[in-house]
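Data block below; observations after.
The values are calculated or read from the model by the stated rules, or taken from the named source; none is laboratory data. Keep in mind the model is a prediction, meaning the values are calculated, not measured. Positions of Cβ are backbone-derived with ideal geometry, glycine not excepted, and every protein chain shown enters the neighbour counts.
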Amino acid sequence: MSKRRKPRGERTRGLPQRYWVIGLAIGLLALVLAVVLWFPNRGDNASAPTKVNLDKSKGEPGAPVTVMEYGDFQ
């Protein structure tokens, strides 16, 4: 009632099927990741930067300026 063991050469030949499946899944994941990183904006113009004016000054930029300083010396 003992199981026959396979000869040593037959036991080590090839990889089990689960390792092939795991390797294939990792390869596909690497391929998808490479495509996503290589082509991040496939023609999507919605994420184009918009020009924002942060200058809050009023008036003409070339206008003459008079600076008046007030001080309280006690």
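Inspection of the stretch 31-41 identifies no residue that is aliphatic (A, V, I, L, M), modelled with pLDDT of 85 or more and part of a loop (DSSP other than H, G, I, E, B). Among the criteria (1) β-branched (Val, Ile, Thr); (2) loosely packed, with under 10 Cβ neighbours inside 10 Å; (3) at pLDDT 85 or above, the one residue 52 does not fulfil is (3).
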